[in-house]
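A short worksheet on the structure shown next.
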Amino acid sequence: MSEHSRLMSPFQTPRCLSAAAPAGKATLTHPGKAILAGGIAGGIEICITFPTEYVKTQLQLDEKANPPKYRGIVDCVKQTVSSHGVRGLYRGLSSLLYGSIPKAAVRFGMFEFLSNKMRDESGKLDSKRGFLCGLGAGVAEAVVVVCPMETIKVKFIHDQTSANPKYKGFFHGVREIIKTQGLKGTYQGLTATVLKQGSNQAIRFYVMTSLRNWYKGDEPYKTINPLITGLFGAVAGAASVFGNTPLDVIKTRMQGLEAHKYKSTMDCAVQIMKHEGPMAFYKGTVPRLGRVCMDVAIVFIIYEEVVKVLNMVWKTD
């Protein structure tokens, strides 16, 4: 694998890491630095954008058959703040924070492993292979981290809609879920999560790799301005949202407190189509789109700054 590729996350470029490198070479960032920086950046990004994730999940859980509790995004925010205060928009945040670092580790590790096998002699990764590397990274993070993390998050958010919420906090909630449903209770919707994360990362890596290769042309080590990379990331994020939101809706339903009424992932999809129509598969698209587009820019900026700090205090040369 080429040196410049070892530090890249799904949305980032080696812009600031090649300044002191010899011609044709890029300075290596220690994998530990990449994992730590990615985890910190991901944690901060979640704190900033989580309300959009909360609203998206609430809208996806709001079935027409109930009838719907919310009339839209603004109404969901108003009702939540009115009933629980601004803090209500952050219910379930802790589960994502606790999972951010291992999620980053699995994603970066698997992507690096696969890209190491798939790059050509010059170190270039074409878009098709980028798609496969992204797919592998997405599946790995889904199985190891994302599924249990997302299941807990969705249950926390759904629990808030009950008259008497039973989860008092992250660890209490986890204990209750495992106590009543066993360890498999944190793996509800595994198939949907694997499909969602796999397709999500595959689409993002494919688009990002295609845009990077197009921009660099015949200059593989050409510097990409952070604003350009942010734009590419926003396009890739938007593509993944429109490409796999139906899977995200199914996954959310399979992980909610009403998951028991679905026999399988396919049954969940059939019931949604039968009772709510095709547009139900795109519930929460707008808040999800907003979060994903912000995610890329925020993570890129924070990640780069954290790496600079780590390079000063953590010598690995």
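Which residues, counting only those in segment 129-166, are farther than 22 Å from Leu190 by Cα and either without any contact (Cβ under 8 Å) to a residue 60 or more places away in the chain or open to solvent by 20 Å² or more (accessible area, probe 1.4 Å) (or both)? Show your work before the answer.
Step one: filter segment 129-166 for residues farther than 22 Å from Leu190 by Cα, giving 129-130, 160-166.
Matches in segment 129-166: Arg129, Thr161, Ser162, Ala163, Asn164, Pro165, Lys166.
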Can you tell me which residues in segment 39-52 are under 12 Å from Val296 (Cα atoms), open to solvent by 10 Å² or more (accessible area, probe 1.4 Å) and of a type outside the set (A, V, I, L, M)?
Gly42
Residues (modelled with pLDDT of 85 or more and either surrounded by 19 or more Cβ atoms within 10 Å (Cβ to Cβ) or touching a strand residue (DSSP E or B) at 6+ places or on another chain (Cβ under 6 Å) (or both)) located in segment 234-248
Ala236, Gly237, Ser240, Val241, Pro246
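May I ask you to say which residue of Val77, Val81, Val106, Val55 is among the aliphatic types (A, V, I, L, M), part of a helix (DSSP H, G or I) and open to solvent by less than 10 Å² (accessible area, probe 1.4 Å)?
Values: Val77 fails: open to solvent by less than 10 Å² (accessible area, probe 1.4 Å); Val81 fails: open to solvent by less than 10 Å² (accessible area, probe 1.4 Å); Val106 fails: open to solvent by less than 10 Å² (accessible area, probe 1.4 Å).
Exactly one residue qualifies, and that residue is Val55.
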Determine which single condition Leu135 fails, assuming it passes every other condition in (1) farther than 21 Å from Ser100 by Cβ; (2) more than 22 Å from the chain's Cα centre (by Cα).
(2)
If I ask for residues that are at pLDDT below 80 and open to solvent by less than 50 Å² (accessible area, probe 1.4 Å), which ones from segment 211-227 would you list?
Ile224, Pro226
Suppose we keep only residues that are polar (S, T, N, Q) and free of Cβ contacts under 8 Å to residues at least 24 places away in the same chain within segment 177-210. Which one would you say is most open to solvent (accessible area, probe 1.4 Å)?
Thr180
What residue, among those in segment 84-103 that are modelled with pLDDT under 80 and open to solvent by less than 30 Å² (accessible area, probe 1.4 Å), is nearest to Phe171 (Cα to Cα)?
Ser95
When segment 109-128 is examined, which residues are found to be assigned to a helix (DSSP H, G or I), closer than 18 Å to Met208 by Cα and open to solvent by 40 Å² or more (accessible area, probe 1.4 Å)?
Met110, Asn116, Met118, Lys128
Residues in segment 262-317 that are aromatic (Phe, Trp, Tyr), without any contact (Cβ under 8 Å) to a residue 40 or more places away in the chain and surrounded by 19 or more Cβ atoms within 10 Å (Cβ to Cβ): how many?
1
Subset of segment 102-118 (residues that are farther than 19 Å from Met149 by Cα and in contact with a helix residue (DSSP H, G or I) (Cβ under 7 Å, 6 or more places away or on another chain))
Phe111, Glu112, Leu114, Ser115, Met118
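The values are calculated or read from the model by the stated rules, or taken from the named source; none is laboratory data. Keep in mind it's a predicted model, so treat the numbers as computed, not measured. For neighbour counting, all protein chains shown are included, and Cβ atoms are generated from backbone atoms with ideal geometry for every residue, glycine included. Note: accessible area is taken over every heavy atom of the protein model, side chains too, but ligands, DNA and RNA are not part of it. Shrake-Rupley method; radii C 1.70, N 1.55, O 1.52, S 1.80 Å.
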